[in-house]
Amino acid sequence: MTKFKLQTTLAGAALALFASSGTALADDDGATTTYKFGGYAKFDTMFSDYSDGTPDGNSLMRQFYYAPQIPIGPGTGSSDMTTDFQARESRLNFRVDHKTAGGKSVTAFLEMDFFTHSDGNEVVSNSYSPRLRHAFIKYDKWTFGQTWSTFQDVGALPEALDFVGPAESTTFIRQSMIRYTTGNLELAVENPQTFVSGGTRDLSSMPDLIGRYTFKLDGGSYVKLAGLMRSLKIQDTGNGSQEDATAWGISASTKFVLGNGNDLRAMVNFGDGIGRYVGLGFVPDGYIDDTTNKIETAESLSWFVAYRAVWNDQWRSNFMYGTNSIDYNDDVQAATLNDNASSFHVNLIRTVLPKLDVGAEVIWGERETVNGVDGDFTRFMLSAKYAF
């Protein structure tokens, strides 16, 4: 019994050791390995009013602002305000940093949350499956695995209580890649996926090619410029033909630190056939021309601007506006596809304790298709978040 108790105590001590964020272990040869757990618990209350019908309970629009699912129509489906409570944004991650005695280092990082799935329900348990956000390895100047696309600037995203903020207007994509970083230059080959409207099957064979350069300014300010080249390839499931097209995009983003915690953030994206990278798939990369059976790419221009105002040590606000407009070669064939969207967000956040924030946010957004059918929504949300 004594031996069993001793083993149990040692096992418990080992678990506690590994569970402690920042725990470092040294090997006999002088190498060190550091283990870190992190994430946050977050609760959201959302009160939403839709101009034409309430989305299904498990739709993405009921989880966060998702422009492609703003209900549109003549307004006859309008209903009373809808209330949603959720804790699905809560997040867990685990990181391992290993450094050899010779100074070489390798990092592994895993992260998950509980968004986007429709397998749970609100009848009894609200059980939702975890989803993979990040899973990558960094060694020297190389990154292998799934993480934020090199075409995306996470640092420019506004501080929103909503999951993304001005989602229609920002680059937002995680995917597997091989990335090389040297100084302020990043070069990557990333997972290809052709996203074309119609009965098509993805046949992508060439990886997406991305480059990004960061211009560092005084006081933590910066400007990032990124370029993207893609080879789109599909099989039309209607007639079996294989079609391809070339797509490209550019993105410029910035964060200007204004002092006392205030900052200005902005991003502008322009390209032809970059729908998968911008606006959470608000627009496809293109569509199949009914006459030629060729891929007609969609041209997209999107941008947002956000201002962060720190009122004092405890209170701060964020004001953000974003918009996305699309240009198609043939408006008749693209009649039911999205033409434009925009949103405005404003919030007030209070830091109650270090890493514990509570706040309120108001969101207004609208969407319109090429044939002129439109809709909008207004949302008021309350959130509490504790990071660890």
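Taken together, the values in this text are just the output of simple stated rules run on the coordinates, not laboratory data. Quick caveat, the model's predicted, so the values are computed rather than measured. Backbone-built Cβ (ideal geometry, glycine too); neighbour counts: all protein chains shown.
Values computed for the structure shown
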read-out	value
Separation of alpha-carbon centers, segment 203-258 and segment 309-388, rounded to whole Å	23 Å
Selection from N324, Q146, P354 lying farthest towards where the dipole of segment 31-387 points positive, charges on Cβ	P354
Along principal axes, Cα extents of segment 304-367, largest first, whole Å	55, 17, 16
Whole-Hz couplings from phi, Karplus 6.51/-1.76/1.60, listed for segment 366-375; x for Gly and Pro	9, 9, 9, 8, 4, 7, x, 6, 9, x
Directionally averaged shadow of segment 259-302, computed from the convex hull of its alpha-carbon atoms, nm²	3.8 nm²
Amide hydrogen neighbours beyond the local backbone of F136, cut-off 5 Å, H modeled	F109, Q146
Degrees, to the nearest 10: 2-19 long Cα axis against longest axis of the chain	50 degrees
Å³ per residue enclosed by the Cα convex hull of segment 160-249	126 Å³
Kirkwood-based shape ratio for segment 257-388, expressed as Rg/Rh from alpha carbons	1.11
20 °C / 1.002 mPa s Stokes-Einstein diffusion coefficient of segment 97-163, Kirkwood radius on C-alpha pairs, µm²/s	142 µm²/s
q = 0.16, 0.28 Å⁻¹: log10 I(q)/I(0) that the Debye formula gives for segment 135-193, counting C-alpha atoms only	-0.57, -1.16
Aspartates and glutamates whose Cα lies under 18 Å from that of K294, excluding same-chain neighbours fewer than 8 positions away	D202, D236, E243, D244, D272, D285, D327, D330, D331
GNM flexibility winner over the chain from D49, D140, D236 (Cα, springs under 10 Å)	D140
Cβ charges +1 (Lys, Arg) and -1 (Asp, Glu), total dipole of segment 31-387, debye	2180 debye
Over segment 183-316 - Rg/Rh using Cα atoms and the Kirkwood inverse-distance radius	1.13
Residue among G199, T107, A266 farthest towards the positive dipole end of segment 31-387, charges placed on Cβ	T107
MRE, 222 nm, helices only [DSSP H, n ≥ 4, -39500 (n - 2.57), over the chain, to nearest 500]	-1500 deg cm²/dmol
All-pairs Cα distance distribution in the chain, expressed in whole percent, bin size 10 Å	5, 19, 28, 27, 14, 5, 2, 0, 0
Order of M177, M206 - criterion: other Cβ atoms within 10 Å of each residue's Cβ, fewest first	M206, M177
Candidate lysines for bridging to K216, where Cα separation is under 18 Å - those fewer than 8 sequence places away on the same chain excluded	K224, K255
